[in-house]
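The values are calculated or read from the model by the stated rules, or taken from the named source; none is laboratory data. Small disclaimer: the values here were computed from a predicted structure and weren't measured. Methodologically, a virtual Cβ is constructed for each residue, glycine included, from the backbone with ideal geometry; neighbour enumeration extends over all protein chains shown. Heavy atoms of the whole protein, side chains included, go into the accessibility calculation; ligands, DNA and RNA do not. Shrake-Rupley method; radii C 1.70, N 1.55, O 1.52, S 1.80 Å.
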Amino acid sequence: MKKIINSLKQRFKIINELLEFLWENKIWWLTPFFIVLLLIGGLIIFTASNPAAVPFIYTLF
């Protein structure tokens, strides 16, 4: 259980560092790009685990 919690902390740490980098270097306008990438990745994972959702995905594209 501690391994999982430490792994989640590391992942959130990476996200936090990315957001700090974008903000400090005035590249905050790139955040929508990363959000879209995360949404598409989540969509891919969802359709890979749920084949019943595939016909609905085709209507989006």
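Within the listed set Phe21, Phe34, Phe12, the Gaussian network model of the chain (springs between alpha-carbon atoms below 10 Å) gives the highest mean-square fluctuation for Phe12.
Distance between the pseudo-spin-label points of Ile4 and Glu24 (7 Å out from Cα toward the beta carbon): 3.3 nm. To the nearest ten degrees, helix 31-49 and the longest principal axis of the Cα atoms of the chain are 40 degrees apart.
Which of the trypsin sites (Lys or Arg not before Pro) across the chain are loop residues per DSSP, with 10 or fewer other Cβ within 10 Å? Don't jump to the answer; show the numbers that get you there.
Working: sites: Lys2, Lys3, Lys9, Arg11, Lys13, Lys26; in loops: Lys26.
Those that pass, being in a loop and sparsely packed, are Lys26.
For the chain, find the longest principal axis of its Cα atoms and tell me its angle to the long axis of helix 2-24, 0 to 90°, nearest 10. Compared with the principal axis, the helix lies near 70 degrees.
Could you work out the helix-only [θ] at 222 nm for the chain, with each DSSP H run of four or more residues adding -39,500 (n - 2.57) and the total divided by the number of residues, to the nearest 500 deg cm²/dmol?
Details: 3 runs with 49 residues, N = 61.
That comes out to -26500 deg cm²/dmol.
Annotation: Trp28 carries an accessible surface of approximately 140 Å², with a 1.4 Å probe and no ligand, DNA or RNA atoms counted. Just want the answer: with Cβ charges of +1 for Lys and Arg and -1 for Asp and Glu, which residue in Phe56, Pro32, Ile4 is farthest toward the dipole's positive end in the chain? Of the listed residues, the answer is Ile4. Between the labelled values (i) 14.2, 44; (ii) 13.2, 51; (iii) 15.9, 43, the entry that holds Rg and Dmax of the Cα atoms in Å as derived from this structure is (iii).
What dipole magnitude, in Debye to the nearest 20, does the chain give about its Cα centre under +1 on Lys/Arg Cβ and -1 on Asp/Glu Cβ?
Numbers: 6 positive and 3 negative charges, 66 e Å.
My answer is approximately 320 debye.
Using the Cβ-Cβ distance between Phe12 and Leu37 with R0 set to 22 Å, the FRET efficiency works out to roughly 0.80.
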